[in-house]
1. Please express the Cα-Cα pair-distance distribution P(r) of chain A as a list of whole percents, one per 20 Å bin, running from 0 to the bin with the greatest distance.
2. How large is ³J(HN,Hα), in whole Hz, for each residue of segment B:115-125 in order, when computed from phi with the Karplus curve 6.51 cos²θ - 1.76 cosθ + 1.60 and θ = phi - 60°, using x for Gly and Pro?
3. Over all pairs of distinct alpha carbons, what does the Kirkwood formula give as the hydrodynamic radius of segment B:87-165, in Å?
4. Which whole-Hz ³J(HN,Hα) couplings does segment B:9-24 yield from phi under the Karplus relation 6.51 cos²θ - 1.76 cosθ + 1.60, θ = phi - 60°, glycine and proline marked x?
5. Just tell me which lysines come within less than 22 Å, Cα to Cα, of A:Lys304; anything on the same chain fewer than 8 places away is out.
6. List the lysines whose Cα lies under 24 Å from the Cα of B:Lys75, skipping any in the same chain that are fewer than 8 positions away.
7. Tell me the Rg and the Dmax, in Å, that the Cα atoms of segment B:42-85 produce.
8. Average the reciprocal distances over every distinct pair of alpha-carbons in segment A:1-80, invert the result, and give the Kirkwood radius in Å.
Amino acid sequence: MQILTNFSFQNRSVTLVFSVLFLLPVYTSLTGNEFYLDLVNRLMILAIAAASLNLILGHGGMISFGHAAYLGIGAYSVGIPAYYDINNGLLQLFLAVTVSGIFALVTGAICLRTKGVYFIMITMAFTQMVFFGFVSIEEYGGDDGLVINTRSSFGQLLNIENNLNLYYFILISLVACLFLIHKIVRSQFGLVIEGSRSNDQRMRSIGFDTYRYRLTCYVIAGCMCGYAGALLGNFTNFISPEMMDWSASGELIFIVILGGTGSILGPVFGAAAFVILEEWLSSLTLYWHFIFGALLIIVVLFAKGGINGILTYFGSGK
Amino acid sequence: MRPILSVEGLKKSFGGIIATNNIHLQIEQGEIHAIIGPNGAGKTTLISQLSGDLNPDKGEIFFNGHSISNMPPNKRSLLGIARTFQITCLMLDMSVLDNVTLAVQAQNGHSYRFWSDARHNNQVIQTASKALEQVGLLDRENAKASDLSHGEHRQLEIAVALATQPKLLLLDEPMAGMGTEESQKLIMILEKLKPHKTMILIEHDMAAVFALADRITVMVYGEIIATGHPKEIRSNPAVRRAYLGDQELHGC
């Protein structure tokens, strides 16, 4: 009984969200509505990317306007080997994570020496460099992008050419990433990151070399988003530099803020709202971005905790 | 005995303004050394150079015989120098206990521990709780730091510094903005710490200074005009002229 009463609202919502995601394929196969599966695949991949951004933005106060670079790096880590008929999934995932990590380490080492607006601008500048880099490489399609003919192969272990397998692969990845972030945020390392967001001067004064901790956090977030990028490449079977356009980084920030910064489920709620609104609004009007903007303003002004904050407020009230 | 801290010819200027000039200072092991002086005398600038928040333009600082003149604040903290801030400088959106826990964690080697829950580390939490107990804030440990009163903020400032297990405590106007009753409480807290810590105390509250200080240094316009025992300072004509005017020194 004790366990039941201690089962907080957050635990209940986590259970609920993942039960729905777990059972969704049953529903779609019964109704024959494969379209929803695609929608939710995209949602979950964006949720992983947004969760990794939330780690540095929400918990660490590092407002990166260039996080989509890792989506691109991850996707090209699948696409470029596939172009040369190298389909080994483990190798591709390894590439996605390590190349993202190295990119985060090198750029982060420079970006984290700046603060505020300068940090935002310089993260964006680095991502634009990657963007134009891939635009200029004709071999891999330039700005037309590259079709991925074969998805990552995991041998006998797992075949993600099967859409249902891909779905569960992405779902498990999402659960693992959120759990990892949950652990990191509560660890000693996580506490240092929170402290450094809250008051960096005092943190240095009590003995922390906060720069190194922030850089480590920045690299972890980059690796995780690179992984999401590899999933994205597999899901869309197509990659293009547009994935890491500056507006794509903006969308990730939008998702994080809409969902609620610094919360574990926020990025999932944010991604859900984003994907659903995008689908629904774009069928209504060509100017759907306009409504997006208005919505973001409302959330920022009236609901600081985002969707997660609103749900927690009503959920705990009952 | 070798002084715990010795300062030789420290100078810092901001543009054309010389904030501290030609500062020579010896802090003895175990003493409370008060630094007084009118506003703008350069007291906080001096503390910031001692803590590493500012780099001196000229001069040397030795801590236990080792030069620390160009060491960043985090390294000085690990050597055992802790400071509090005149304007409250805390992790305001975190809990009171988290503030102190971080200070303990900082001294426990690295914090690249990604898995186990920081708030369930008994050894760290115990040390943190002890620091809160020393300043009388233990019953507020779960409050958000921003929800504390001004007086409690000042207490937490000291608790965070104490939690780093310092050998030398730099207190920058700990009584700033406090009522008489709160000041009295803080004087008692500092008195209890006195046998265990060396302290440099910047303070305008003369009652506190004369109640606590073993020696007093007087600064005016960035320079030291006198250093001595409270009695000597009280009767020093230069100090009276420059700092106190003709008013009587009260407080003991």
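The values are calculated or read from the model by the stated rules, or taken from the named source; none is laboratory data. Only a predicted model underlies this, so the values are computations on that prediction, with no experimental measurement involved. FYI the Cβ positions are ideal-geometry reconstructions off the backbone, even for glycines, and counts take in every protein chain you see. Note: areas computed on protein heavy atoms with side chains; ligands, DNA, RNA excluded. Shrake-Rupley method; radii C 1.70, N 1.55, O 1.52, S 1.80 Å.
1. 32, 59, 9, 0
2. 10, 6, 5, 4, 7, 10, 7, 4, 4, 5, 4
3. Result for segment B:87-165, one decimal place: 12.4 Å.
4. So the Karplus estimates, Gly and Pro as x, are x, 6, 9, 9, 10, 10, x, x, 8, 8, 7, 9, 9, 6, 8, 10 Hz.
5. A:Lys318, B:Lys144
6. A:Lys115, B:Lys11, B:Lys12, B:Lys43, B:Lys58, B:Lys130, B:Lys167, B:Lys197
7. Here Rg and the maximum Cα pair distance are 9.6, 26 Å.
8. Taking every pair of different Cα atoms in segment A:1-80, averaging 1/r and inverting gives 15.6 Å.
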